[in-house]
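Taking it in order: structure first as structure tokens, then the write-up.
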Amino acid sequence: MDCVPAFSPGGTARGDDELAEPGHRGNLRQKSGRRHRRLARIARMILPHARRLSPLIGLALLAAFPCNALAHGGVVDDGDLCVINIGYLKAHFKIYVPEQRQHQDYCEDIPVRGESVFVMEYLHDGLSEAEIDFRIIRNVTGKGRFANIEDVTAIEDLESVTLRYESPKVVPDVFTMLQPFDEDGEYIGIVSARQMDTQKVYTAVFPFEVGYTGIGYWPWFLAAATLLQLSYWLLSRRRAPQTPISIVLLLAGALLSTDAFADDAESWVSDAGYFTVSFQSELQPLAINKIHGWVLHVENSGGEAIVDATISVEGGMPEHNHGLPTAPEVTAVLGDGRYRVEGMRFHMRGYWEIRVSIDDGAQRDSVTIPLHL
Amino acid sequence: MSDVSRHTRPWMVTAIAAVLIALAYEGWQRFAPPAAWSDDEINQIASLWIGRLPALPPDPTNAVADNPEAAAFGQQLFFDGRLSANGKISCSTCHQPIRRFTDGLPKGVAIGQSKRNTPSIVGTAYSPWLYWDGRKDSQWAQALAPLEDPNEHASSRLQVLGIIASVSAYRKTYEALFGAPPDLLVPEEVDRAFANVGKAIAAYERLLLPGESRFDQYVEHVLDGGDHLEQEFLDLDEIRGLRLFITDARCTECHNGPLFTNNEFHNTGLLSAPGDTPDRGRIDGVREVMADPFNCLGPYSDDPDPNCAELRYARTGVELIGATRTPSLRNLNNTAPFQHRGQLSNLSDVLRHYDQAPLAMIGHNEAKELKLRDWELRALETFLAALDGPIAADQRWLQPPLPSE
């Protein structure tokens, strides 16, 4: 593994000592030379370790490359997200074994027997309105991981190999199912979604294993890494062990985070500059955990009141990645550019952003009102 | 050998010095006396003080909410086992006064096993939503559901009204409070009378409020200008825990206000209970409450001019998947196991769970990993014990009423 061209293994402790001998002290050039030599010494302390570890690093990099689109039929794991494709309807797919493996989720195969929880979180809204059914069967097709819908349809007595069948029903947002697995083996999951408007049925078929009856990829990587490491040790000359690199502990000072300062201005200009908005809260001062109303005042850039706009209000805490706990609405147009909004509620102290969208027929724009509670 | 050590000695000295500095810093953090409260911290602490609990909000949907006769009637019903299929299950079977109105079990056990952990009733008069998933929007509407749940009382509204009609003391009290008894053959009258039963029970439950704890006494002391350390209410570890509670541990993001709850719905990434799929929580609860005939906007509300802002502006959306209601942290003593299906059996496990902030099985966990040290988690636990206090109600409400018949 030739990955360190600049510094030869010869530049080690022995060489350093030659340079640091008393005979070399005395003039400026040699002093700066000594500084360079110190740097060189540091580099030489680190780099031989890099050489030794480079085979492993190389293999680790290889292994880290996502095993692109390892697909088990309808379930695809692209490294980041595990997705089940029920036709064109996609859902985020996870399998848990809570008692044995707690929060670890699996995409394809389940490593241990036990009570398994299947989770499909819909990425496509259409699944919330479709009738979904879910069947788990023992894989008797003889095709292992390559079983497909035709193989499943060809099974004569599906009921006899079915472990569980969830009959079709509409389940909005997320579908979950519990299945205890008492035996290692090969199974197939079959998920169908019937769209209520078109009556079209889409199906995903995903073969999976419980208990890893086959061999995964990792043992091969480990064997290869061990072989390469052994060959390196045997082939290279024996060296005195390098001094371990010292560990430098960094005491991080407390990072003082500066809060975004609330605008002192009592009105805020919209993104494209069309409108200026101010508000009056019926809860003075603003407090948490109390539902209340606001009155918004909307003007155009010339200071004229906007009297007949369509206004919507949303908001949330960007640092916490969640929205308002309610769905506020404009309930009255009070005239003179004022609008009553009801249903405002904050459930945490901190930094909130309220987003007011305004459409006056001619222009559409939005304004962000920052709040510190 | 000595050649080697000459070059490495400066590194070793630096390393040892760094380790010693780190140890000293850790030791100082752990054992130094807590610093005085900053103004902002005092504001935060005061916001948690029971002295800031507003007056009991009126419930305009319940005409007898503040009627003492209704409360007495409600108490009789609360402790009456006849309102169940086997004559032995009353509300107090699971909501036991001696355990702060919980039952010490992972899930309630009555006629069958309930789906979730029994929550406490104390202080729920202040919550706009009842149940872990918020599927009821008033105490009186909530009181009706267990009566008809096959796993809880397994009774029915006709059976309940039949008991009231057959027990003369109940019949007299019902007529005094609500007027003529219902014609049991007319569904509308049955439902209205059933709602009245809930309203009487709610009049009793409204009286169950949390009392002062050592923490509240400490806050009073500090607000009066007392020294933050020289007092007899909280010890040093509890004060350290309090500081963590309002700062690094981020508890007040949800456990805020004098009742230590924002009564909102959050997903904290809990594991499903054995035998259960992950709890869908508020995403189902919000649909149920909006469809509930006994809700604020329904025909059984006594409010002539319904506002019902909480119900009107309740939000839906994917943030609610797996989200359950923040419970109060007052009086946790004797209320284990914790969480909506009793998944965590002690406070140490609960705190460790929030420290780890695992990814949620369904939905999204808003919390982030806290990376607290062990002693910090223990300090938080001792602080939580300082939130225990009595129930601020007359003793007669905390035990079964004297038998009427």
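The values are calculated or read from the model by the stated rules, or taken from the named source; none is laboratory data. Not measured: the values here are computed from a predicted model. Cβ atoms come from the backbone with ideal geometry, glycine included; neighbour counts cover every protein chain shown. Note: accessible area is taken over every heavy atom of the protein model, side chains too, but ligands, DNA and RNA are not part of it. Shrake-Rupley method; radii C 1.70, N 1.55, O 1.52, S 1.80 Å.
Pick from B:ALA125, B:ALA141: which is of a type in the set (Gly, Ala, Ser) and crowded, with 24+ Cβ neighbours inside 10 Å?
On the way: B:ALA125 fails: crowded, with 24+ Cβ neighbours inside 10 Å.
Just one listed residue meets the conditions, B:ALA141.
Screening B:ALA314, B:ALA309 for residues that are surrounded by fewer than 22 Cβ atoms within 10 Å (Cβ to Cβ), of a type in the set (A, V, I, L, M, F, W, C) and at the interface with another protein chain (Cβ under 8 Å from one of its Cβ atoms) leaves exactly one candidate, B:ALA309.
Residue pairs whose Cβ atoms lie under 7 Å apart, separated by 6 or more positions or on different chains, with the first residue in the stretch B:358-371 and within 12 Å of B:ALA249 (Cβ to Cβ) and the second part of a loop (DSSP other than H, G, I, E, B) and hydroxyl-bearing (Ser, Thr, Tyr), are B:ALA367/B:THR268.
When you go through B:PRO304, B:PRO299 one by one, which is the residue that is over 30 Å from A:VAL119 (Cβ atoms), surrounded by fewer than 21 Cβ atoms within 10 Å (Cβ to Cβ), out of contact with any strand residue (DSSP E or B) (no Cβ under 8 Å at 6 or more places or on another chain) and modelled with pLDDT of 95 or more? Break it down stepwise before answering.
On the way: B:PRO304 fails: modelled with pLDDT of 95 or more.
Of the residues listed, the single one that is over 30 Å from A:VAL119 (Cβ atoms), surrounded by fewer than 21 Cβ atoms within 10 Å (Cβ to Cβ), out of contact with any strand residue (DSSP E or B) (no Cβ under 8 Å at 6 or more places or on another chain) and modelled with pLDDT of 95 or more is B:PRO299.
Looking only at residues in the stretch A:68-78 that are surrounded by fewer than 17 Cβ atoms within 10 Å (Cβ to Cβ) and closer than 17 Å to A:PRO207 by Cβ, the one that is modelled with the highest pLDDT is A:ALA71.
Note on the stretch A:79-104: residues that are open to solvent by 40 Å² or more (accessible area, probe 1.4 Å), more than 10 Å from chain B (Cβ to nearest Cβ) and in contact with a helix residue (DSSP H, G or I) (Cβ under 9 Å, 6 or more places away or on another chain) amount to 2. A:LYS90 fulfils the conditions (1) charged (D, E, K, R); (2) under 17 Å from A:ASP133 (Cα atoms); (3) in contact with a Gly (Cβ under 9 Å, 6 or more places away or on another chain) except for a single criterion, (3).
What residue, among those in the stretch B:168-194 that are within 17 Å of B:GLU69 (Cα to Cα) and touching a residue at least 60 places away in the same chain (Cβ under 8 Å), is farthest from the chain's Cα centre (by Cα)? Filtering the stretch B:168-194 for residues that are within 17 Å of B:GLU69 (Cα to Cα) and touching a residue at least 60 places away in the same chain (Cβ under 8 Å), the one farthest from the chain's Cα centre (by Cα) comes out as B:SER168. For the stretch B:157-182, a residue qualifies if it is surrounded by 15 or more Cβ atoms within 10 Å (Cβ to Cβ) and of a type in the set (Gly, Ala, Ser), and exactly one does: B:ALA165. The single residue among B:PRO258, B:PRO274 that is touching a Pro at 6+ places or on another chain (Cβ under 9 Å), free of Cβ contacts under 8 Å to residues at least 12 places away in the same chain and either closer than 29 Å to B:ASP137 by Cα or within 11 Å of another protein chain (Cβ to nearest Cβ) (or both) turns out to be B:PRO274. Residue-level check: of (1) farther than 28 Å from B:PRO304 by Cβ; (2) away from chain A (no Cβ under 14 Å), B:PRO58 misses just (1).
When you check A:TYR202 against the structure, is it among the aromatic types (Phe, Trp, Tyr), part of a strand (DSSP E or B) and within 30 Å of the chain's Cα centre (by Cα), yes or no?
Values: among the aromatic types (Phe, Trp, Tyr): yes; part of a strand (DSSP E or B): yes; within 30 Å of the chain's Cα centre (by Cα): yes.
Answer is yes for this residue.
For the residues B:GLY27, B:GLY112, B:GLY51, B:GLY81, the requirement of being more than 14 Å from chain A (Cβ to nearest Cβ) and under 30 Å from B:GLU230 (Cβ atoms) singles out B:GLY51. Please determine whether any residue of the stretch A:141-160 is open to solvent by 30 Å² or more (accessible area, probe 1.4 Å) and within 14 Å of another protein chain (Cβ to nearest Cβ). No, the stretch A:141-160 has no match at all.
Can you tell me which residue among B:PRO400, B:PRO304 is in a loop (DSSP other than H, G, I, E, B) and more than 30 Å from A:PRO328 (Cβ to Cβ)?
Working: B:PRO304 fails: more than 30 Å from A:PRO328 (Cβ to Cβ).
Of B:PRO400, B:PRO304, the one residue that is in a loop (DSSP other than H, G, I, E, B) and more than 30 Å from A:PRO328 (Cβ to Cβ) is B:PRO400.
Can you work out which of the residues in the stretch A:162-199 that are more than 14 Å from chain B (Cβ to nearest Cβ), of a type outside the set (Val, Ile, Thr) and part of a loop (DSSP other than H, G, I, E, B) is least open to solvent (accessible area, probe 1.4 Å)? If you could, list the steps in order and put the result at the bottom.
Of the stretch A:162-199, the ones more than 14 Å from chain B (Cβ to nearest Cβ) are A:162-163, A:165, A:167-168, A:181-199.
Add one more test, that the residue is of a type outside the set (Val, Ile, Thr), and what stays is A:163, A:165, A:167-168, A:181-187, A:189, A:192-197, A:199.
From the residues that got through so far, the ones that are part of a loop (DSSP other than H, G, I, E, B) too are A:182-184, A:195-197, A:199.
Numbers: A:ASP182: 126, A:GLU183: 116, A:ASP184: 77, A:GLN195: 26, A:MET196: 85, A:ASP197: 130, A:GLN199: 92 Å².
Filtering first and then ranking leaves A:GLN195.
Taken as a whole, the structure places A:GLU299 among residues that are surrounded by 14 or more Cβ atoms within 10 Å (Cβ to Cβ), free of Cβ contacts under 8 Å to residues at least 40 places away in the same chain and charged (D, E, K, R). Set side by side, the residues A:THR368, A:THR326 differ, and just one is of a type outside the set (Phe, Trp, Tyr) and either within 12 Å of chain B (Cβ to nearest Cβ) or in contact with a Pro (Cβ under 8 Å, 6 or more places away or on another chain) (or both), which is A:THR326.
Across the stretch B:318-364, the number of residues qualifying as more than 26 Å from B:PHE215 (Cβ to Cβ) and either in contact with a Lys or Arg (Cβ under 8 Å, 6 or more places away or on another chain) or more than 10 Å from chain A (Cβ to nearest Cβ) (or both) comes to 7. Only residues that are touching a residue at least 60 places away in the same chain (Cβ under 8 Å) and of a type outside the set (Gly, Ala, Ser) were counted across the stretch A:144-185, and they come to 12.
Quick grid of which residues meet (1) surrounded by fewer than 21 Cβ atoms within 10 Å (Cβ to Cβ); (2) closer than 19 Å to B:PRO293 by Cβ:
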position	(1), (2)
B:LEU184	yes, yes
B:VAL190	yes, yes
B:ASN196	no, yes
B:ILE201	no, yes
B:PRO210	no, no
B:ARG214	yes, no
B:TYR218	no, no
B:HIS221	yes, no
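Among the helices (runs of 4 or more DSSP H) contained in the stretch B:1-98, which hold 1 or more residues that are small (Gly, Ala, Ser), more than 30 Å from B:ARG243 (Cα to Cα) and in contact (Cβ under 8 Å) with a residue 12 or more places away in the chain?
B:68-78, B:91-94
Taken residue by residue, the stretch B:363-371 has at least one member that is within 20 Å of B:ALA273 (Cβ to Cβ) and in contact with a Leu (Cβ under 8 Å, 6 or more places away or on another chain). What do you reckon, is B:ALA22 surrounded by 11 or more Cβ atoms within 10 Å (Cβ to Cβ) and within 14 Å of chain A (Cβ to nearest Cβ)? Against the criterion (surrounded by 11 or more Cβ atoms within 10 Å (Cβ to Cβ) and within 14 Å of chain A (Cβ to nearest Cβ)), B:ALA22 qualifies.
Pairing each residue of the stretch B:389-401 that is open to solvent by 80 Å² or more (accessible area, probe 1.4 Å) with any residue that is of a type in the set (Phe, Trp, Tyr), provided the two are 6+ apart or on different chains, yields C-beta distances under 6 Å for B:PRO400/B:PHE79.
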